[in-house]
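Here is the structure we will look at.
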Amino acid sequence: MRQRAIWSAVLVVGLALTGCGSASDSGKSSGGSDSKLVVWDWKSGEPFAKSYLDKAKADFKKKHPDVTVEFVAQPFDQYYTLLGAAIQSGKGPDVMLFNGGGQIRDRVDALVPLDDYVAEDRQRLAGWEAFGKDGKTYAAPVTLQGYPIYYNKAIYQKANLDPASPATTWDKFTADCAAIAKAGSKCFALGNKEGVGIQFWLSSMGSTTLTAAEYDAWITGKRDWNSANVKRVFQTWKETGDKKMNSDGANSTAMFNDSFALFQSGKAAHVMGLMSDVGHWQDFNEFLTPEKLGVMKAPVVTAGTTPSLPYDGGIGYAVAKWTKDPKVAADLVRSLSSADALKAFYADAGAIAADTTIDVSQAGPAVATLVSELKSGKPALHVALSSKTLDLMGRLSQQLLSGSITVDEVVKQLAASDQAG
Amino acid sequence: MPMGNTQPSVRPASAGRAGGAAVTPATHRSGTRPRRTRGGLGAERYAPYILVLPAVLIIVLLRLYPLILGVNFSFTGDGAQNGTAVGFGNYRELFADPLFQTALKNVGLLVLLLPVAVAIPGLLATFIYLRVPGHRFYRSVYFFPAVLSPVIVGAIFNLLLAFDGPLNAVLSSVGVDPIDWLGDPDIAMFMVVGVHIWATFGMALVVFLAGFATLDPALLDAARVDGASLRQVVWHVIVPALSRTIQFVFVTTMIGMLTSMFGLLYIMTSGGPEGSTYLPEFYIWKQQGQMNRPALASAASTILFMIMLVVGLLQIKLLERSGKED
């Protein structure tokens with residue numbers, strides 16, 4: 001027994017001192033033969049993606065008739081775990097799908113900068129910033145993801161509010177919420193079990209809580225967590241909890257898709273939703289007809305601010321460092337965001353595609369409003385934060401709702417996490 | 001699992017040591033054989049090693065080597081520091097992380113709740129053994145949750161325990177305010193552990209029933225003739241006679257709690273609310289899959305491995321000691 005202990009000690013100390021090897025093996029190039037490209041995503045298995053992929057493949061075939069493309073659909077909840085394993089081994093797909101923001105920025109070491117290849121698409125597509133780091137672009141956007149505030153016009157009518165002109169200031173908004181509560185509905189459908197609710201809150205309310213200068217500074221990384229307006233974002237969040245404006249049990253309600261179900265079924269008047277994929281206009285239309293569904297601008301919290309739609313590149317395809325010929329892989333990425341392919345994606349998947357030239361007039365007033373606001377839109381605030389800070393913010397937001405922490409303590413902890421990473 | 005009932009039924013005095021000791025006498029004894037065939041076949045001398053080789057190779061290549069690699073990774077950095085040695089940096093970061101501290105505290109909580117998790121199937125098995133009315137029915141019903149996947153169990157209880165769910169509806173009908181079962185950090189962990197016990201006690205129940213099969217009914221009859229109450233029968237006859245089964249269930253339940261609650265956690269609370277239901281497993285998954293910190297996750301895995309090792313060794317010690325008492 002004693003000898004065993006000594007040996008284990010020797011082993012541990014030895015490993016600690018040398019610490020050789022590495023957790024992720026970068027630099028090695030392998031995988032993917034000349035005539036075949038492997039693509040990883042979590043979409044290609046879905047029926048709605050079929051026509052999109054067909055269009056993209058056809059486009060790619062024109063450029064490279066001799067290269068075959070294989071799409072491998074991974075389950076989304078395991079996607080980044082599997083991708084992490086692939087990156088560590090230095091082998092894996094040539095092209096892969098990413099969410100914009102932290103997910104791709106954390107992994108740019110394994111990706112090829114695409115700036116030289118996608119120059120022609122710059123103007124046509126929107127949402128590039130979410131896939132860039134340090135001035136380089138690593139993926140071409142497919143969809144745009146934004147965080148609009150949807151509202152239920154039928155509930156507004158029931159509460160004797162004008163559905164055509166929702167509140168434009170925070171004070172008026174809380175007064176409206178009181179009226180909505182009297183009419184028997186909750187103000188917000190909130191699911192904060194995963195701690196994602198606060199991310200939507202931060203981004204949706206950011207443009208009307210922070211000044212324009214603070215907003216731009218936030219995006220470029222100069223975040224002043226002690227500013228009164230940043231604190232105000234968390235104060236209004238806490239206020240929604242204190243004033244019982246949120247649906248009950250927000251901390252145990254899943255955002256996807258329980259909170260959206262609450263909104264759809266008319267139990268709450270507002271929801272901070274998405275533009276693409278899930279929790280958006282097309283999803284809601286199942287129960288809320290397009291006439292009943294409204295999109296409103298964020299109510300002004302800090303006087304002198306102008307509301308703007310927060311949005312970023314939603315998902316986009318990137319090229320792995322270990323691919324044999326980055327040019328061919330980049331051409332595939334371009335095909336995957338070609339105009340025809342994106343048009344099919346918008347129509348079948350119910351997403352706001354990155355190509356802003358697509359005609360969306362058929363999809364109802366909510367979508368038309370969204371697309372018209374893209375021009376004045378700005379990158380979403382939470383996308384600029386690291387995954388670690390977002391995770392912490394999620395937990396702190398739950399504490400704010402349950403009343404076990406103060407706003408000052410929250411910004412202190414977030415500032416520390418933001419500066420560390 | 002069936003080892004649990006075969007062992008007590010054979011019940012040789014050295015059964016506890018049989019596993020480890022059986023190999024060594026065999027090799028020693030083979031030492032007498034070469035005397036007969038001295039200078040003869042070398043192959044025969046190497047035969048045992050060759051026969052053991054596949055098993056050893058599998059253990060070394062697929063278990064020990066990855067384990068050492070993992071421990072090695074845990075001493076390197078993540079991200080920009082990828083591949084460079086950082087000594088105990090990851091471990092320092094881990095122990096400073098309040099989330100990991102919560103995870104370790106929750107492991108402590110699991111250890112504290114272990115007796116409950118063992119007592120429930122034990123008591124229920126006792127009732128079935130004592131043939132309470134409807135025992136056949138209960139026997140199958142109790143086992144039923146054990147065949148459900150944790151994901152399904154989690155989804156069922158998510159619905160039941162939702163704020164506007166049936167449990168709160170029942171409570172409010174008797175005038176109790178609704179409770180946010182999975183949204184209150186003081187309650188959520190107990191709910192998850194409770195559901196885990198509900199979902200897995202069927203297996204332990206079967207082990208207990210198998211243990212009862214080896215119990216000498218004459219002892220029970222004698223106790224009854226002497227006028228022992230049910231409590232006395234359980235405490236003075238059943239518990240001592242089943243001590244080995246109970247220990248086995250303790251070991252398997254502990255391992256089950258530490259290593260297979262991920263599915264339930266993921267579905268029921270996702271580690272929340274406020275990070276109160278983190279367990280090391282969930283922490284490892286989060287760091288590796290969500291935060292892209294494989295080296296930090298390796299360090300957490302190493303610590304989880306150490307915990308399991310200590311718990312396992314302690315339990316083997318306990319088993320050995322009780323084996324000697326027999």
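The values are calculated or read from the model by the stated rules, or taken from the named source; none is laboratory data. The shown structure was predicted, so the numbers you read here are calculated from the model rather than taken from an experiment. Note: ideal-geometry Cβ built from the backbone for every residue, glycine included; neighbour counts use all protein chains shown.
Things worth noting here:
- Residues satisfying the stated conditions in the range A:235-252, i.e. at pLDDT 95 or above and under 21 Å from the mean Cα position of the chain (by Cα): A:237
- Hey, residue A:244 surrounded by fewer than 17 Cβ atoms within 10 Å (Cβ to Cβ), assigned by TED's automatic domain parsing to the domain that holds residue A:172, more than 21 Å from residue A:297 (Cβ to Cβ) and charged (D, E, K, R) or not: yes
- Failed item, numbered, when residue A:239 is tested on (1) within 14 Å of another protein chain (Cβ to nearest Cβ); (2) assigned to a helix (DSSP H, G or I); (3) under 23 Å from residue A:183 (Cα atoms); (4) not basic (Lys, Arg): (1)
- Unique residue being within 14 Å of chain B (Cβ to nearest Cβ), closer than 29 Å to residue A:123 by Cα and within 20 Å of the chain's Cα centre (by Cα) when the list is A:374, A:385, A:370: A:385
Okay, residues lined up against (1) over 20 Å from residue A:259 (Cβ atoms); (2) touching a residue at least 40 places away in the same chain (Cβ under 8 Å):
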site: B:141; (1), (2): yes, no
site: B:160; (1), (2): no, no
site: B:189; (1), (2): yes, yes
site: B:192; (1), (2): yes, yes
site: B:196; (1), (2): yes, yes
site: B:205; (1), (2): yes, yes
site: B:213; (1), (2): yes, yes
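- Filter result (within 8 Å of chain A (Cβ to nearest Cβ) and under 21 Å from residue A:405 (Cβ atoms)) within the range B:164-187: B:180, B:182, B:183, B:184, B:185
- Single condition residue A:307 does not satisfy, out of (1) out of contact with any Lys or Arg (no Cβ under 6 Å at 6 or more places or on another chain); (2) in a loop (DSSP other than H, G, I, E, B); (3) touching a residue at least 60 places away in the same chain (Cβ under 8 Å): (1)
- Residue satisfying condition, being out of contact with any helix residue (DSSP H, G or I) (no Cβ under 7 Å at 6 or more places or on another chain) and within 30 Å of residue B:161 (Cα to Cα), within set B:284, B:255, B:267, B:316: B:255
To keep it simple, each residue is scored yes or no on (1) within 30 Å of residue B:177 (Cβ to Cβ); (2) at pLDDT below 95; (3) more than 14 Å from chain B (Cβ to nearest Cβ); (4) not in a helix (DSSP H, G or I).
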residue: A:195; (1), (2), (3), (4): yes, yes, no, yes
residue: A:198; (1), (2), (3), (4): yes, no, no, no
residue: A:208; (1), (2), (3), (4): no, no, yes, no
residue: A:233; (1), (2), (3), (4): no, no, yes, no
residue: A:275; (1), (2), (3), (4): no, yes, yes, yes
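- Across the range A:379-420, the number of residues qualifying as in contact with a Leu (Cβ under 7 Å, 6 or more places away or on another chain), in contact (Cβ under 8 Å) with a residue 40 or more places away in the chain and not in a helix (DSSP H, G or I) comes to 1.
- 1 or more residues away from chain A (no Cβ under 14 Å) and at pLDDT below 90: qualifying helices (runs of 4 or more DSSP H) within the range B:14-78: B:15-21, B:23-30, B:33-36, B:42-59
- Within the range A:262-273, the residues that satisfy the criterion of being assigned to a loop (DSSP other than H, G, I, E, B) and over 20 Å from the mean Cα position of the chain (by Cα) are A:265, A:266, A:267.
- There is at least one residue in the range B:288-297 that is over 22 Å from the mean Cα position of the chain (by Cα), within 18 Å of residue B:261 (Cα to Cα) and modelled with pLDDT of 85 or more.
- Checking residue B:228 against (1) part of a loop (DSSP other than H, G, I, E, B); (2) within 14 Å of chain A (Cβ to nearest Cβ), the condition it does not meet: (2)
- Here residue B:308 meets the list (1) under 26 Å from residue B:73 (Cα atoms); (2) away from chain A (no Cβ under 14 Å); (3) not in a helix (DSSP H, G or I) almost entirely, failing just condition (3).
- Here B:297, B:241 are screened, and the one residue that is more than 14 Å from chain A (Cβ to nearest Cβ) and not β-branched (Val, Ile, Thr) is B:241.
- In the range B:66-84, the residue that is surrounded by the fewest Cβ atoms within 10 Å (Cβ to Cβ) out of those that are under 24 Å from the mean Cα position of the chain (by Cα) and without any contact (Cβ under 8 Å) to a residue 40 or more places away in the chain is B:66.
- Boolean, residue A:258 is within 12 Å of chain B (Cβ to nearest Cβ) and either assigned to a helix (DSSP H, G or I) or within 30 Å of residue A:182 (Cα to Cα) (or both): yes
Table: residues versus (1) at pLDDT 90 or above; (2) of a type in the set (Lys, Arg); (3) assigned to a loop (DSSP other than H, G, I, E, B).
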{"site": "A:332", "(1), (2), (3)": "yes, no, no"}
{"site": "A:341", "(1), (2), (3)": "yes, no, no"}
{"site": "A:346", "(1), (2), (3)": "no, no, no"}
{"site": "A:349", "(1), (2), (3)": "no, no, no"}
{"site": "A:357", "(1), (2), (3)": "no, no, yes"}
{"site": "A:369", "(1), (2), (3)": "no, no, no"}
{"site": "A:372", "(1), (2), (3)": "no, no, no"}
{"site": "A:376", "(1), (2), (3)": "no, no, yes"}
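- Single match in A:316, A:364 (criterion: surrounded by 20 or more Cβ atoms within 10 Å (Cβ to Cβ) and in contact with a Phe, Trp or Tyr (Cβ under 8 Å, 6 or more places away or on another chain)): A:316
- Of the strands (runs of 3 or more DSSP E) lying entirely inside the range A:64-167, those containing at least 2 residues that are more than 14 Å from every other protein chain (Cβ to nearest Cβ), closer than 20 Å to residue A:200 by Cβ and not β-branched (Val, Ile, Thr) span A:144-146, A:149-152.
- Tabulated pairs, the range A:363-378, first of a type in the set (Lys, Arg), second assigned to a loop (DSSP other than H, G, I, E, B), C-beta under 9 angstrom, 6+ apart or interchain: A:375/A:356; A:378/A:308; A:378/A:309
- When each of A:146, A:100 is tested for being modelled with pLDDT under 90 and crowded, with 22+ Cβ neighbours inside 10 Å, the lone residue that passes is A:100.
- Here residue A:228 clears all of (1) buried (at least 19 other Cβ atoms within 10 Å of the Cβ); (2) free of Cβ contacts under 8 Å to residues at least 60 places away in the same chain except the condition numbered (1).
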